[in-house]
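As structure tokens, the structure follows; a few thoughts come after it.
The values are calculated or read from the model by the stated rules, or taken from the named source; none is laboratory data. This is a predicted model, so every value here is computed, not measured. Cβ sites come from the backbone with ideal geometry, for glycine too, and all protein chains shown count toward neighbours.
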Amino acid sequence: MPRLRHQGDPHPGQGLTQHPRTENAPRGLTDVIDGVDSPGLVDAVERLVALPSMGGDPAEIAVQDLLADAWRADGLDVQAWDIDVADLRTRSDFPGMEVERTQARGVLARWPGTGDGPTLLLLGHTDVVPPGDRAAWSTDPFTPRIDGDRLIGRGSCDMKAGTAAMWFAVRALRDAGVRLRGDILLAAVSGEEDGGLGTYALIERGVRADACIIPEPTNLDLIPANGGALTFRLRVRGLATHASRRTEGVSAIATFVPVLQHLERLEAQRNQDVDPLMQRWPLAYPLSIGMVRSGDWASTVPDLLIAEGRLGVALGETPDQARADLEDSLARLCAADPWLAEHPIEVEWWGGQFASGRTDPQHPVVELLAAAVEQVGGRAPGVYGGPYGSDLRLLVGAGIPTVQFGPGDSAAAHAPDEWVSITDTVTCARTIAAFAMAYCGVAD
Ligand SMILES: [Zn+2]
């Protein structure tokens, strides 16, 4: 267990009290910040990482149950329920699902306030992506390891550290004897990585709040907006012949080469004029092919190529507009090619369909959270949009102003030797606690 920097002490006179909505806040703030149980928090992250909760794996249920039990043991009012996956996936606005999953569990805990303040939802997803090539890992992905300030393991950064941090923020408030005016809701959701089933189910259940923080990895910056991402599949047709007579056939692979180049040009066009929140990224809205399959025999000219990829959705653009942009662009390409005019590329939209989402960066929730970050961490956070889809768009779509704020760098997410900074995880818990006091208000 490394020594933790203790940078959470509030600076005298530079408090959250400067903000008009925090006039009667942060009595007891120092106790709360000092009271975050760092060793307990690290232990909780390790316990969460040790469960291989990849989408569709039974451990996706186990990790939900672990949190439900832990939150119940903390004295919170916990609801845990089986999500009717078969029913939800028939809905027209279902956000998609890319893995086989017949079961999913919803978990929501409430820490009631005195009832006269705003409700704050803290939401973390508990599913993780598969580890990929295990040889690229220096350790077993699901046996968490600590190296200096790094906690290493699949899901540590995305986003089990953040989920544990929001939980330990509530613990610190409770242990310091603070009584908030508004309620805090803690939600653990599954299926985020492949569409957002868990958050969709939560909203369908009628769960609402006045604001939401998702502690996804943001390096403790604030991300009030996300570009979207739409998963698609292309079918490019060819004509099979024996390879010895290849000029009499049409190779689906060769046909795809100019299609790929065309998609790169479309990507460039779609990134010419981006929202100021997205300008920090070299490429705000990527259009990427992630998988190509073609052919079944080395000496046969292949008659079918299947390519799967993701299309970035711009802030302010609807998924329908983005889908039409890709389809129209490919239709123009096909019309100009003799073979493709006769055998147009088929476009199928399947799997995760993430809309973009945006909370106004001037929204009081964003400003108040920025003040808490500065108060606790001593640094004004960056405020910008994320180039990936997340549950934020579902919550914003339900009218809940939502900000991502959490420990870890999203570049480490989904990578081998995924890691999160322990110091930043503790700072995140302290900051969420300070924000909750300012936002929900402290009862007299
Ligand atoms: Zn995530």
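List of remarks:
- Condition broken by ARG237, with the remaining ones in (1) charged (D, E, K, R); (2) away from the ligand (no atom under 16 Å from the Cβ); (3) within 30 Å of ALA73 (Cα to Cα) satisfied: (3)
- Among the conditions (1) among the hydroxyl-bearing types (Ser, Thr, Tyr); (2) within 27 Å of the chain's Cα centre (by Cα); (3) in a helix (DSSP H, G or I), the only one that THR247 does not satisfy is (2).
- Considering only residues in segment 397-422 that are under 14 Å from the mean Cα position of the chain (by Cα) and more than 11 Å from ILE213 (Cα to Cα), the one that is surrounded by the most Cβ atoms within 10 Å (Cβ to Cβ) turns out to be PRO407.
- Flag for PRO130 being buried (at least 18 other Cβ atoms within 10 Å of the Cβ), in the same structural domain as MET159 (by TED's automatic domain parsing) and part of a loop (DSSP other than H, G, I, E, B): no
- Among all positions in segment 330-351, there is no residue which is more than 30 Å from SER38 (Cα to Cα), in contact (Cβ under 8 Å) with a residue 12 or more places away in the chain, within 16 Å of the ligand (Cβ to nearest atom) and part of a loop (DSSP other than H, G, I, E, B).
- Of all residues making up segment 250-273, the number that are over 20 Å from GLU327 (Cβ atoms) and either surrounded by 18 or more Cβ atoms within 10 Å (Cβ to Cβ) or of a type in the set (Ser, Thr, Tyr) (or both): 2
- Scanning segment 153-177 for residues that are buried (at least 23 other Cβ atoms within 10 Å of the Cβ), aliphatic (A, V, I, L, M) and away from the ligand (no atom under 16 Å from the Cβ) returns ALA169, VAL170, ALA172, LEU173.
- THR199 meets all of the listed conditions (1) touching a residue at least 40 places away in the same chain (Cβ under 8 Å); (2) in a loop (DSSP other than H, G, I, E, B) but one, namely (2).
- Meets criteria (touching a Leu at 6+ places or on another chain (Cβ under 9 Å) and in a strand (DSSP E or B)) for GLY117: no
- Some residue of segment 213-235 being touching a residue at least 24 places away in the same chain (Cβ under 8 Å), outside any loop (DSSP other than H, G, I, E, B) and surrounded by fewer than 19 Cβ atoms within 10 Å (Cβ to Cβ): yes
- Residue match in segment 386-399 (condition: assigned to a loop (DSSP other than H, G, I, E, B) and either over 26 Å from GLY132 (Cα atoms) or among the basic types (Lys, Arg) (or both)): yes
- Residues (without any contact (Cβ under 8 Å) to a residue 60 or more places away in the chain, within 25 Å of ALA243 (Cβ to Cβ) and not in a loop (DSSP other than H, G, I, E, B)) located in segment 290-308: MET291, VAL292, ARG293, SER294
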